[in-house]
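Trainee: There's a structure below that I have some questions on.
All of the numbers you see were taken from the coordinates with simple rules; none came from a lab. These figures come from a predicted structure and were not determined experimentally. Virtual Cβ from ideal backbone geometry, glycine too; neighbours counted across all protein chains shown.
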Amino acid sequence: MQNIKDIRLLSQLLYGSDLVSPREVVAWMGAMQAQDYNMAKWAVGIRLKSATEQLVEEALNRGEILRTHVMRPTWHFVAQEDIRWMLRLSAQRIKSSSVSRDRALEITEDLYSKCNDLLVRILEGNNFLTREEVGMEFKKAGIAVNTARMIHFMMRAEVEGIVCSGPVRNKKLTYALIEERVAPVKELHKDEALAKLALNYFRSHSPASLQDFIWWSGLSVADAKQAIASIETELISEKFASQELFIHQLYAKELKVDKVLHLLPGFDEYIISYKDRTSVVASEHQSKAFTNNGTFYPTIMCNGQVVGVWKKSVLKTSIKIDTTFFEQTLQPQQKALAKAENVYLKYLGLPVSK
């Protein structure tokens, strides 16, 4: 059996991907964390055979990919066909997690219902509105709003399957009604949804542990165990450094992974989707790659290992990419690094360096 990093590069589409559609990438990954909108688009683009930011944004504008609060909860990209069953699976857990904060913000269930009814009225007919515009409509209706309240109002509407992301308008994100944005699909029972979630995760994140899956999905221990058991015929259990990890049968055979170097976006699934990240980020370097309060920086990944961080500086007519390596010995060859930078520049539609 090959090592953890080789399998993850393959399962996470960071090596040898032949996918050409952003929707295919998101559907394969199950869900992709997306609170940083621009970085999340790059997370999709980096997993395509060839991509531009425009290609990814067009898929979002068409509603093939949707951005909503689901699972843990935080912003995620999900494929259009998956949004309803994923929301049903996690909605009650998300609502329960906000009860104390709702009380502090003086938000009652009746107020949530009033806001949801109003959202249906002001968004119907594909009348896509930004959060600020929605807030103005709430004020007209006599609902007191501030930043914290709007976050809760809109997240509740998302998890109840009323709204999701609409197209970008004047570089601003909008909301849309799910009923107008998403075609009807067959409803999944909870057991079916758990099995599908487990399949999506282990197919695209192998190898991973039970605790990794719980962290990513936000499921209870009991539901996570049931989900894994429901697809056990498709999984192989292996011991890696005394830890039990599950591997989808797609990766049962030895598969060759050649040299790989990527400028990973912040909050990328390659790092954030596991509870234990030591196999790809050495313990002594983790504080440089992500913080205890949940900020994940753009990182440099070489042959499966995170070796440094990068950032983009916007100049008058171009951008500059600054790189910092955790150790001098981890710095890859300049030619390989330049190639990775050019992939990103090409994605942005900018001239590449020679």
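Trainee: With the crude spin-label approximation of a point 7 Å out along Cα→Cβ, what separation in nm comes out for VAL20 versus THR295?
Mentor: 4.0 nm
Trainee: Give the angle, between 0 and 90 degrees and rounded to the nearest 10, that separates the Cα long axis of helix 109-123 from the longest principal axis of the Cα atoms of the chain.
Mentor: 80 degrees
Trainee: I need the trypsin sites (Lys or Arg not before Pro) found in the range 234-266, filtered to DSSP loop residues with at most 14 other beta carbons within 10 Å of theirs.
Mentor: Of the trypsin sites (Lys or Arg not before Pro), the ones in loops of the range 234-266 whose Cβ has at most 14 other Cβ atoms within 10 Å are LYS253, LYS256, LYS259.
Trainee: Sticking with this one: Quick one: which of LYS172/LYS311; LYS139/LYS190; LYS95/LYS253; LYS140/LYS312 span more than 32 angstrom between C-alpha atoms?
Mentor: LYS139/LYS190; LYS95/LYS253; LYS140/LYS312, as the Cα separations exceed 32 Å there.
Trainee: So, one more: Give the relative contact order (percent, whole number) for the chain; include only Cα pairs under 8 Å separated by 6+ residues.
Mentor: Computed over the chain, the figure is 19 percent.
Trainee: Determine the equivalent ellipsoid of the range 190-251 by diagonalising the alpha-carbon gyration tensor, then write out the semi-axes as square roots of 5 times the eigenvalues, largest first, rounded to whole Å.
Mentor: 17, 13, 9
Trainee: Mind giving me the nanometre distance, one decimal, between the label points for THR130 and GLU81, set 7 Å out from Cα along Cα→Cβ?
Mentor: 3.4 nm
Trainee: If you fit an axis through the alpha-carbon atoms of helix 131-140 and take the longest principal axis of the Cα set of the chain, what angle between them do you get, 0 to 90°, nearest 10?
Mentor: So the helix axis and the longest Cα principal axis differ by about 10 degrees.
Trainee: Once you list every other residue whose beta carbon is under 13 Å from the beta carbon of LEU13, what net charge do they have if Lys and Arg are +1 and Asp and Glu are -1?
Mentor: 0
Trainee: Here is a follow-up. Hey, how many Å between the Cα centroid of the range 195-212 and the Cα centroid of the range 296-327?
Mentor: With the range 195-212 and the range 296-327 each reduced to a Cα centre, they are spaced 28 Å.
Trainee: Tell me the label-point distance for the pair ALA222, VAL185, using the 7 Å Cα-to-Cβ offset, in nm and rounded to one decimal.
Mentor: Between ALA222 and VAL185, the simple spin-label model gives 2.7 nm.
Trainee: Give me a comma-separated list of calculated 3J(HN,Hα) values for the range 201-212, in order, Karplus coefficients 6.51, -1.76, 1.60 applied at θ = phi - 60°, integers in Hz, x for any Gly or Pro.
Mentor: 5, 6, 5, 10, 10, 5, x, 8, 9, 4, 5, 4
Trainee: Right, another one. Given a 10 angstrom Cα cut-off, can you work out which residue in ILE94, ILE236, ILE319 is the most mobile in a GNM of the chain?
Mentor: Of the options given, ILE319 has the highest mean-square fluctuation.
Trainee: Using the Cα centre of the chain as the reference point, and only Cβ charges (+1 on K/R, -1 on D/E), how large is the resulting charge dipole? Debye, rounded to the nearest 20.
Mentor: With Lys and Arg at +1 and Asp and Glu at -1, about 960 debye.
Trainee: At a 10 angstrom cut-off on C-beta neighbours, averaged per residue, how do the peptides 320-327, 67-74 rank from highest to lowest?
Mentor: By packing density, highest mean first, the sequence is 67-74, 320-327.
Trainee: With Cβ to Cβ distances under 10 Å as the rule, what net charge do the other residues near ALA51 carry (K, R +1; D, E -1)?
Mentor: +3
Trainee: Given a cut-off of under 8 Å on Cα pairs at least six residues apart, what relative contact order in percent is computed for the range 190-251?
Mentor: The normalised contact order for the range 190-251 reaches 41 percent.
Trainee: What relative contact order, as a whole-number percentage, does the range 14-71 give when Cα pairs under 8 Å and 6 or more residues apart are counted?
Mentor: That works out to 40 percent.
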